[in-house]
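The values are calculated or read from the model by the stated rules, or taken from the named source; none is laboratory data. What you are looking at is a predicted structure, and each value in this text was computed from that prediction instead of being measured. Reconstructed Cβ throughout: ideal geometry from the backbone, glycine too, with neighbour counts over all protein chains shown.
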Amino acid sequence: MKLFKNALALLFAAALCFTLLAGCSAKPAETGPSAGANAGPGQAAADDDLSYIRANGKMVIGYTVYEPMNYTDDSGELTGFDTEFARIVCEKLGVEPEFVEINWDTKEIELNAKSIDCIWNGMTITPERSETMSVSLPYVKNAQVVVVRADSAVASTADLIGKTVVAEISSAGEMQLIGSEDSEPEENLAQAVYIGMAKQTDCLLEVKAGTADAAVLDWTLAKTMVGEGTSYADLKLLEGGELASEEYGVAFRKGSSVTERVNTIIGELVADGTLPALAEKYGLSLAPEIDK
């Protein structure tokens with residue numbers, strides 16, 4: 001009798017296992033959009049970014065406001081070199097541009113979350129950014145410069161040791177003050193009191209108000225907004241204060257298929273004279289790689 005009960009128990013256990021296994025195998029695999037929701041940068045979800053953007057009928061472009069790249073003109077319209085450039089590229093891609101103002105400090109988070117499809121806003125190409133994003137060909141030359149009040153006694157970066165200097169958070173200007181994994185800060189600026197700002201234009205306001213002794217920012221911005229006849233006539237570029245030459249690129253998600261197509265379009269726009277004419281309009285210089 002005891003043997004019979006043991007045998008019966010074993011048969012029951014085997015039947016239960018079979019039922020559980022059958023239930024597991026019957027569960028369908030995830031398909032559709034949710035299947036790739038957790039795909040990281042560079043995985044299959046990013047590989048077909050061009051199809052994703054074309055299916056949406058638009059490319060969502062992340063930007064911050066500053067002249068001459070992306071800004072609002074006197075009629076209230078968004079314009080600028082990058083704005084016009086992006087519109088031309090979107091037309092060739094067969095999609096509409098949608099411009100979304102972003103926080104520069106969280107630009108990569110927004111890009112990977114697909115809140116935006118690219119960062120098109122005078123973004124300096126750096127080794128760190130090229131590791132985490134897919135960056136286009138360089139298209140415009142830039143440099144980091146120091147801006148001070150017009151009546152300032154500051155004659156060189158050595159005069160800024162121990163003084164308050166501002167820069168946009170996560171910008172190339174900030175790298176001149178605190179360095180990065182791949183670059184050292186400027187020797188004198190590393191000894192300044194650094195305060196990070198949300199926007200480059202905020203940096204100009206701090207210097208104008210006298211709450212900061214200097215700002216480190218893009219030459220493309222400074223040449224447009226600083227000096228006689230500009231919005232900040234009471235500010236000036238520090239003479240001989242060019243810190244580092246650099247180039248701008250457009251950033252897409254890591255592994256994105258859009259980058260190669262945009263690079264092709266950049267080549268076409270250089271060849272037909274469109275991009276050189278646009279650079280001349282805004283007083284900019286094209287990057288050496290495409291200015292041949």
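Picking from residues in region 130-157 that are surrounded by 18 or more Cβ atoms within 10 Å (Cβ to Cβ) and within 11 Å of the chain's Cα centre (by Cα), the one that is farthest from residue 205 (Cα to Cα) is 134. Condition test on residue 231, is it surrounded by fewer than 20 Cβ atoms within 10 Å (Cβ to Cβ), in contact with a helix residue (DSSP H, G or I) (Cβ under 7 Å, 6 or more places away or on another chain), under 22 Å from residue 99 (Cα atoms) and among the hydroxyl-bearing types (Ser, Thr, Tyr)? Spelling it out, it is not the case that residue 231 is surrounded by fewer than 20 Cβ atoms within 10 Å (Cβ to Cβ), in contact with a helix residue (DSSP H, G or I) (Cβ under 7 Å, 6 or more places away or on another chain), under 22 Å from residue 99 (Cα atoms) and among the hydroxyl-bearing types (Ser, Thr, Tyr). Reported count of residues in region 177-207, each being of a type outside the set (A, V, I, L, M), part of a helix (DSSP H, G or I) and buried (at least 18 other Cβ atoms within 10 Å of the Cβ), is 4.
There is no residue in region 193-206 that is within 18 Å of residue 135 (Cβ to Cβ) and under 19 Å from the mean Cα position of the chain (by Cα). The listed residues are 86, 55, and the only one of them that is on the phi < 0 side of the Ramachandran plot and crowded, with 20+ Cβ neighbours inside 10 Å turns out to be 86. Across region 90-123, the qualifying residues are those that are touching an Asp or Glu at 6+ places or on another chain (Cβ under 9 Å) and part of a helix (DSSP H, G or I), and the one among them that is nearest to residue 218 (Cα to Cα) is 104. Total residues in region 261-292 satisfying the condition of being part of a helix (DSSP H, G or I) and either touching a Ser or Thr at 6+ places or on another chain (Cβ under 9 Å) or of a type in the set (A, V, I, L, M, F, W, C) (or both): the figure is 12.
None of 253, 261 is surrounded by fewer than 19 Cβ atoms within 10 Å (Cβ to Cβ), assigned by TED's automatic domain parsing to the domain that holds residue 128 and charged (D, E, K, R) except 261.
Residues that are loosely packed, with under 13 Cβ neighbours inside 10 Å and closer than 25 Å to residue 107 by Cα do not occur anywhere in region 265-275. Does region 243-292 hold any residues that are under 19 Å from residue 79 (Cβ atoms), free of Cβ contacts under 8 Å to residues at least 12 places away in the same chain and aliphatic (A, V, I, L, M), and which are they? Within region 243-292, 277 is the sole residue that qualifies.
Could you please let me know if residue 170 is surrounded by 14 or more Cβ atoms within 10 Å (Cβ to Cβ), outside the structural domain of residue 125 (by TED's automatic domain parsing), part of a loop (DSSP other than H, G, I, E, B) and at pLDDT below 95? The answer is yes for residue 170.
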